[in-house]
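The values are calculated or read from the model by the stated rules, or taken from the named source; none is laboratory data. Small disclaimer: the values here were computed from a predicted structure and weren't measured. In this analysis, Cβ positions are derived from the backbone assuming ideal geometry, glycine residues included, and neighbour counts consider all displayed protein chains. Only protein heavy atoms, including side chains, enter the accessible area calculation; ligands, DNA and RNA are left aside. Shrake-Rupley method; radii C 1.70, N 1.55, O 1.52, S 1.80 Å.
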Protein chains: 2
Amino acid sequence: MAGLKQVQRQTGVALWRQIADRIREAIGTGAYDETGMVPPETVLALQFGVNRHTVRSALAALAQEGIVRAVQGRGTLIERKERLNFPITRRTRFTSGIGDQARETRGLLLDGATEEASAEVARWLGLKPGEQVVRLETLRHADKRPVSKATSWFPAVRFAGIGEAYRKHESITKAFAELGLSDYVRATTEVTAAHASTADLADLELTPGAILLIAKAMNTDLDGVPVQYSISRFAADRVQFTIEN
Amino acid sequence: MAGLKQVQRQTGVALWRQIADRIREAIGTGAYDETGMVPPETVLALQFGVNRHTVRSALAALAQEGIVRAVQGRGTLIERKERLNFPITRRTRFTSGIGDQARETRGLLLDGATEEASAEVARWLGLKPGEQVVRLETLRHADKRPVSKATSWFPAVRFAGIGEAYRKHESITKAFAELGLSDYVRATTEVTAAHASTADLADLELTPGAILLIAKAMNTDLDGVPVQYSISRFAADRVQFTIEN
DNA sequence: TATGGTTGTCTATATCAATAGACATTTTAG
DNA sequence: CTAAAATGTCTATTGATATAGACAACCATA
């Protein structure tokens, strides 16, 4: 067991953070479900081959995140354990995709503006660079926990009022409907992973070193005309994608 | 500019590593393509709000990875810049997916064994827990650079000799063909992201703190019978997934 | 060839990360 | 009540991380 979950030294990532990441992941995969507790500090120290104080630093970080709670004399209890599944299909929608796994979902509009399309955005939306697009920054919650942060672009000519509509309905699907688009489909999704930027860390309530799953997606209407290009960032320890073919 | 790429202190992730990660990503997205060089150390230090020596530590790490090369008096040149695209479709195959983006692809068999199916493996392959499965550990290269490491399970009754066949052909598709399975399709793919384990770091030639894109995939034959369950780990800074719907 | 811009090297100092050991405090089980 | 097991707290020491400043070495170019 000692060699299984080893950590590396002198790599710029503190041991306590590597250990915290591994324990968080183990909790997420249900490794400690039998007891509902993390193994004792001395056992973890032995497993990871580090000093008990180093393990304590890791557990303190997890306690700060609200994932575990230490009780003197008893042990360290697991408080929260969640990994949502986000299906990616031709009919991908955030609310219905996550909705059946959470009691409450919310969509917050952080920022909205009309601006000129960058080369990348123009290419995805089939516009000329410089044409007007509406950009929305949105933050989506499931059961009061932030799940993803997204930047979306829409052709301004067709969807001028989408910012206000999103603020009202807290849903892209409903905002589209209000603007006369009753249905749309997911055309392409590109998935990458990266470290979170400072702004995303704060909004998603993550700690530095945390990982994001990034989905660049393009939706079209039923005629195949692009209606939305978006870059969504998901907290990787709270979400997984499922692609059904 | 100073605020855009900020880094965070006292988080268990050394500043030099955060900066190295950001520069590596910026190189990958083509931010410095105009000059083919990274900005001067003093400029980077100003942008990130750190001392020049800290930037030097970051650049030294990237030089170690072979991504940049510093030339005294001139600047720091970008040596290598790659991000492969891996399409996920009903007909997903590694070699043909990556093949058109690399001159040479290779598949190395690291380990192979026949063993009893765990609960997870049995569930995916439609077997009873404890039934025999063949497990293969494979490492896949594109142009001499390791791209992904995969653990695959196959029903042992049907694919007893697949280890030897893979070693010969360096391709799952060809190994299947030799064992009488001429075609197969991708049924389900689950995508997550996580920090790499020590063993994966070494095999994929990554530095700790590096991120993996993880695809759990299940392939079936044309009758819908599961033939393969695999967990593939990709170096996130070298690969992106594309899902076409 | 002189100058400005760039990377390379050195010294010094303060803080964070990790180890080590000892002992206190609390809970659970016997 | 007692003992074992677990977390909490304290002191001390070492090495890694980060800052600061000064100057050397090298390159391109005017």
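In the list B:Ala45, B:Ala20, which residue meets the criterion of being over 19 Å from B:Arg238 (Cα atoms), surrounded by 15 or more Cβ atoms within 10 Å (Cβ to Cβ) and of a type outside the set (Asp, Glu)?
Step by step, each of B:Ala45, B:Ala20 is checked, and only B:Ala45 is over 19 Å from B:Arg238 (Cα atoms), surrounded by 15 or more Cβ atoms within 10 Å (Cβ to Cβ) and of a type outside the set (Asp, Glu).
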For this session: Go through (1) under 28 Å from B:Glu190 (Cα atoms); (2) more than 14 Å from chain B (Cβ to nearest Cβ); (3) touching a residue at least 24 places away in the same chain (Cβ under 8 Å) and name the single condition A:Arg80 misses.
Result: (3)
For this session: Mind listing just one residue for me: the one in the range A:192-245 that is acidic (Asp, Glu) and closer than 27 Å to A:Ala122 by Cβ and, of those, farthest from the chain's Cα centre (by Cα)?
Result: A:Asp223
Problem set entry | Listing of helices (runs of 4 or more DSSP H) fully contained in the range B:140-245 that carry 1 or more residues being within 14 Å of chain A (Cβ to nearest Cβ) | B:198-203
For this session: Give the number of residues within the range A:157-179 that are within 12 Å of A:Val227 (Cβ to Cβ) and either within 20 Å of the chain's Cα centre (by Cα) or open to solvent by less than 40 Å² (accessible area, probe 1.4 Å) (or both).
Result: 6
For this session: Would you mind finding the one in A:Asp33, A:Asp21 that is away from DNA strand C (no atom under 13 Å from the Cβ) and within 14 Å of another protein chain (Cβ to nearest Cβ)?
Result: A:Asp33
Exercise. So which of A:Ile88, A:Ile27, A:Ile67, A:Ile19 is in the same structural domain as A:Asp143 (by TED's automatic domain parsing) and either among the hydrophobic types (A, V, I, L, M, F, W, C) or under 25 Å from the mean Cα position of the chain (by Cα) (or both)?
Worked result: A:Ile88
Exercise. Given the conditions (1) open to solvent by less than 40 Å² (accessible area, probe 1.4 Å); (2) part of a helix (DSSP H, G or I), and given that B:Val134 satisfies all but one, which numbered condition is not satisfied?
Worked result: (2)
Exercise. Across the range A:49-69, what is the number of residues that are more than 13 Å from chain B (Cβ to nearest Cβ) and within 11 Å of DNA strand C (Cβ to nearest atom)?
Worked result: 6
Exercise. If you go through the range A:190-241, how many residues are under 30 Å from A:Gly180 (Cα atoms) and among the hydroxyl-bearing types (Ser, Thr, Tyr)?
Worked result: 4
Exercise. Looking at the range B:19-76, which of its residues are assigned to a helix (DSSP H, G or I), hydroxyl-bearing (Ser, Thr, Tyr) and farther than 19 Å from B:Thr207 by Cβ?
Worked result: B:Thr42
Exercise. Just for the range A:2-14: of the residues that are of a type in the set (A, V, I, L, M, F, W, C) and under 17 Å from B:Leu15 (Cβ atoms), which one is modelled with the lowest pLDDT?
Worked result: A:Val13
For this session: Please work out if B:Thr42 is modelled with pLDDT of 90 or more and over 18 Å from A:His195 (Cα atoms).
Result: yes
For this session: Answer yes if at least one residue in the range B:101-120 is within 14 Å of chain A (Cβ to nearest Cβ), outside any loop (DSSP other than H, G, I, E, B) and at pLDDT below 95, and no otherwise.
Result: yes
